[in-house]
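What follows is calculated from the coordinates using simple rules that are stated; it is not laboratory data. Just so it is clear, the model here is predicted, and its values are computed rather than measured. Note: ideal-geometry Cβ built from the backbone for every residue, glycine included; neighbour counts use all protein chains shown.
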Amino acid sequence: MENVIVTRSLTKVFGANGNAVHALRGIDLEVARGEFVALVGPSGSGKSTLMAIIGCLDSPTAGTYTLGGESVERLSGSALARIRNEKVGFVFQTYNLLPRATVSRNVELPMLYAGVGRRQRRERALELLEQVGIPEKADRLPSELSGGQRQRVAIARALANRPALLLADEPTGALDSKTGAEVLGMFQQLNRQGHTVLLVTHDASIAALASRRVELHDGLVRTVESRAD
Amino acid sequence: MSRTGAFTLRLAESWTEIRENLGRSVLQALGVMVGVASVLGGFSISDSHQARSDERWRKLGGMERLNVQPAEAIRGGNPSALQSANLGLRRLDADEGEEMNRKAVNATSVQKNARARVRSPYADQTRQISGIGGDFLPLNGYEIERGRLFSTSELEAGAPVCLLGAEAALAFFPTGDPLGQSITLGETRVVVVGVLRELVFRWRDGDGNAFAWRNRLIAAPAAFVATRMQGDKYSRVDRVTFKIPDLSLMEGFARELVAVLKSNHRLQDDFRIDDIAARMRKRQSQGQVYNIVFLLSGVLSLIGGGMVNVNIQLASLKERVREIGVRMAIGASGKEVFKSFLTEALLLTLLGSLAGLLLGVVFAKAICSFLEIPALLRPTSFLLAFVVAAGFGVLFALYPAWKASRLSPMEALRYE
């Protein structure tokens, strides 16, 4: 099967010489198209660093990384911005919506950066809001929405440019268990529809929903467990 | 405007940002406003003054004039034969000057002054008599109010006729109409054929009439003054004036004139040429020093305001680091962030400038009304004030915008 993510000997070192911190010590990871992978590990294990590199928010110190068939480890800042825009859909723990823009504007934003025309943007935004179940909130401000609804807006925004990878960082961390379950259900549903999902979490019960669990420890992949279904 | 409406959206976002942070935005716009007002107000004050001075010249008959006056050529010792034979500035010089270059000259006048006792049935005073010839009246901004000009034959013959300025008419004929009355200039009785309109010019409303002395004019034909009052058969004159409407021809004309006059005057340098326009241009360029001072004070306040803006902008950048991180995470490039910061600064500058232009108008009107001169606001002053403000607005917005655009997306996202 085609791989969305392929990393080879990925390392990341912060600082230099005496006080260098080796956050990643050589990660070999492959995520196939259509997989639902949970990335787990205790804090300090390097999972945030790995997520940042996989999301093209940061560059590795050494090693190679191929995202959706494109080699990205040596790309410049603006090329990485384009990759983030086209290939990665981020969902954050704290939603990270722009507070002064309407829900629809928030969803449209990645399309604006991609140069999509105004009318098309609006149409696609409404379609996505329909898909995440809150079409009636299009012209509201994020502050008028509940936490669960805000995370749905964030998911709609992540999907805007049809990314190769949905990257969720503790997406239920700020939600109560019932709403959290709904949001997770949405990720499962998106995965069934063919989306590749990489979910970063420290919660074992959430990780259990994924088709594969990758556990990080001290900057190395310690265990990879596939769920047998 | 782009197809995606990205610019409009940036503008709308900037507007929201400005509105949501009104206090901060007003502070930022204030510096621009004061700078623009100071440039515009300063320019207007200096322009208004200039306009006043131009108005005075227009009333004096225009400044596109070349005056020739006699000067002393003999310095110590006995005059040489050539110097003795020289007859000085004469009517002939005026005629030849005009003949020499009809294209450049559109009017010529001569003036011969005398001081004499002037008597009417009502008054007896010693006054300046101006012997005039050629186009003296229009060249000096005089107009006939009643009566008539001297006829050509009267000018040629030096006929015993005279014109009275408004003040002179009132002084010598306090009651009744002076027209047709006799008046004695020196020992000769002349007839008053015309009265001139009163000339008025005030630097400020409420000031005295700066042209009062000009209403004292008592004018007779130059030939009359020369022959009948001074016994001079060579028609010597005290001043020849050429009107040169096209100032570009002035210099060439002056050069030719010097040659002609020198040959007429037996190679003596006994005349002085005064290019009034050149003198005024020099004075005007001195006036422009004030404009530079005003521009400089405006620029200084723009620089002061600009530095404040850089600080405010950097402080507000801190508040928005996370938002910038989010934008970058979903695909905004550094360029995009840079543009949105710059758009906001430009919008603020624009609003500040508009307020500044308004304030500048008020400023100019207030000062001009205090100086009691009419305020003049030229469109170029508005444009210049605006361009300077916009230039500095952009200049000082560059650094914070650049800083914002260089944020690392990951660090920005984690910023608390």
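Every pair of different Cα atoms in region B:65-278 enters the Kirkwood calculation, which places the hydrodynamic radius at 18.4 Å.
Summarise the partner chain shielding of B:317-330 as one whole number: the mean count of Cβ atoms from other chains within 10 Å of each residue's Cβ.
Numbers: counts 0, 0, 0, 0, 0, 2, 5, 0, 3, 11, 6, 7, 14, 20.
Partner-chain Cβ atoms within 10 Å, mean over residues of B:317-330: 5.
Treating the beta-carbon of each Lys and Arg as +1 and of each Asp and Glu as -1, no other charges, what is the dipole magnitude of the protein assembly as shown about its Cα centre, to the nearest 20 debye? If you can, show how the numbers build up before the last one.
Values: 79 positive and 65 negative charges, 122 e Å.
That gives the protein assembly as shown a dipole magnitude of about 580 debye.
Residues whose amide H comes within less than 5 Å of that of B:R90, counting only those at least five positions distant or on another chain, are B:V237 (H built at 1.01 Å from N in the peptide plane). With springs only between Cα atoms under 10 Å apart, run a GNM on chain B and tell me which of B:T241, B:T108, B:T227 wobbles the most. Among B:T241, B:T108, B:T227, the largest mean-square fluctuation in the Gaussian network model of chain B belongs to B:T227. If the segment from B:L371 to B:L249 were pulled out straight at 0.36 nm per residue, it would be longer than the present Cα-Cα gap by 40.2 nm. Under the combined filter of DSSP loop state and at most 16 neighbouring Cβ atoms within 10 Å, region B:5-60 retains none of its GluC sites (Glu not before Pro).
How do B:L139, B:L40 line up, fewest other C-beta atoms within 10 Å first?
Ascending Cβ contact count within 10 Å gives the list B:L139, B:L40.
Placing R0 at 41 angstrom, the Cβ-Cβ distance between B:Q230 and B:L350 gives a FRET efficiency of 0.05 after rounding to 0.05. With the charge dipole of region B:65-278 set up from +1 on Lys and Arg Cβ and -1 on Asp and Glu Cβ about the Cα centre, the Cα lying farthest toward the positive end among the listed residues B:S235, B:L179, B:A123 is that of B:A123.
Approximating the spin labels as points 7 Å out from Cα along Cα→Cβ, the A:K178-to-B:L82 distance works out to 12.0 nm. Straightening the chain between B:L395 and B:V258 buys 43.9 nm, computed as 0.36 nm per residue apart minus the Cα-Cα spacing. Checked against a 32 Å cut-off, the cross-linked pairs B:K59/B:K103; A:K47/B:K403; A:K178/B:K335; A:K87/A:K137; B:K59/B:K112 give Cα-Cα distances beyond that limit for A:K178/B:K335.
Among the trypsin sites (Lys or Arg not before Pro) within region B:311-416, which fall in a DSSP loop and have no more than 16 other Cβ atoms within 10 Å of their own Cβ? Kindly include the intermediate steps, with their values, before the conclusion.
On the way: sites: B:K318, B:R320, B:R322, B:R327, B:K335, B:K339, B:K365, B:K403, B:R406, B:R414; in loops: B:R406.
For trypsin sites (Lys or Arg not before Pro) across region B:311-416 that sit outside H, G, I, E and B with at most 16 neighbouring Cβ atoms in 10 Å, the list reads B:R406.
What nm distance separates the two modelled labels at A:E30 and B:R117, each placed 7 Å from Cα along Cα→Cβ? Each label point is offset 7 Å from its Cα along the Cβ direction, giving 13.2 nm. Structural size metrics of chain B, computed from C-alpha coordinates, are Rg and Dmax of 33.8, 107 Å. Remark on the protein assembly as shown: Rg and Dmax equal 44.4, 138 Å (Cα only). Using a simple spin-label model with pseudo-atoms 7 Å out from Cα toward Cβ, B:L22 and B:E187 lie 9.0 nm apart. On the basis of the beta-carbon distance and an R0 of 30 Å, B:A315 and B:L383 show a calculated FRET efficiency of 0.35.
Please identify every one of the GluC sites (Glu not before Pro) in region B:187-289 that sits in a loop by DSSP and has no more than 10 other beta carbons within 10 Å of its own beta carbon.
Details: sites: B:E187, B:E198, B:E251, B:E256; in loops: B:E187, B:E198.
Qualifying residues, ordered by number: B:E187.
What 222 nm value per residue comes from the helices of chain B, counting each DSSP H run with n ≥ 4 as -39,500 (n - 2.57) and dividing by all residues, nearest 500 deg cm²/dmol? Show your work: numbers first, answer last.
On the way: 12 runs with 225 residues, N = 416.
Dividing the helical sum by the residues of chain B leaves -18500 deg cm²/dmol.
In the protein assembly as shown, taking the dipole from charged Cβ atoms about the Cα centre, the farthest positive-side position among B:L314, B:A169, B:G393 is held by B:A169.
The mean number of Cβ atoms from other chains found within 10 Å of a Cβ in peptide A:160-168 is 1, as a whole number.
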